[in-house]
Amino acid sequence: MIRLVGRFFDYLGYLFFSTNRHGVHSPFLYDFADKVLYKHSDTVFEDLEYLRSLAINSNGKIHRWSISDFTIRFSLKAKYCQLLHRMVGYYNVNSFIEFGDCIGIESCYLVYNSIVTNNTSFKYRYISNENNQVQNFTFTKFLASHNINGYISEEIFLTDHKLFLFHYAENPAQINAIFDRNLANMNEHDIVIVSNIRYSHEHYICWKQLTNQNKITASIELFDLGILFLSRKLQKENFILRY
């Protein structure tokens, strides 16, 4: 109950400080807001939301959590998942890498339909926080390889237009450490997404640490999702957008 009350006041603060596309001065970020963030998804995702309902009603376990509780607490809401799907198509993402514990609903949205499933060069990597208990869960059926320590093989970094999805679940500081180990190999065409940035005060502090990295040129903060850009064409700016 205390956490819910805290999130309610966090959300009020978010609404007060956030703006819409007209508060964005960068042409690149305005284009993102206009053509991706605020664009309605034409695709219907009923089957993926059915998977979410199965997870919520599951009796299984993931680490110390029930799958049901983990899904409710840490899986991104449908509107954020749909945004991920639109970003893959708009930015021609040809490779994406996930870090941290997740149920796999976000993964399903990323590879949904012909945007990537018809692209034979598409690569998927999932990297868990500890052990790899998630790999046997049905929803993460796109797994190709695991590297539990958070180091990715060099050939992944040879491609442009990569999307990195960092899941802030129980230990955001650990995810930040993995981010730091791999940041030097990211290029200006890559996009970094961080989930659950306002789950707790610790989560939000870790998110702000990422935005202050020198290589990060712009950040967009939604309520539960953060987006980092590395394009050298951008000036250092941080925006809070209403979504």
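Listed values, structure above:
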item	result
Failed item, numbered, when Asp42 is tested on (1) exposed (fewer than 12 other Cβ atoms within 10 Å of the Cβ); (2) closer than 18 Å to Glu202 by Cα	(2)
Pick from segment 209-243, criterion in a strand (DSSP E or B) and of a type in the set (Val, Ile, Thr), ranking: nearest to Phe9 (Cα to Cα)	Ile240
Top-ranked residue of segment 178-195 - restricted to ones that are of a type in the set (S, T, N, Q) and in a loop (DSSP other than H, G, I, E, B), ranked as nearest to Gln82 (Cα to Cα)	Asn187
Selection count, segment 208-223, where residues are buried (at least 22 other Cβ atoms within 10 Å of the Cβ) and not aliphatic (A, V, I, L, M)	2
Some residue of segment 43-64 being in a loop (DSSP other than H, G, I, E, B), within 30 Å of Glu188 (Cα to Cα) and in contact (Cβ under 8 Å) with a residue 60 or more places away in the chain	yes
Set Val93, Val5, Val36: member being out of contact with any Cys (no Cβ under 9 Å at 6 or more places or on another chain), modelled with pLDDT under 85 and surrounded by 13 or more Cβ atoms within 10 Å (Cβ to Cβ)	Val93
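The values are calculated or read from the model by the stated rules, or taken from the named source; none is laboratory data. Since we're looking at a predicted model, the values are computed, not measured. A quick note on method: Cβ atoms are made from the backbone with ideal geometry, for glycine too, and the neighbour counts reach across all protein chains shown.
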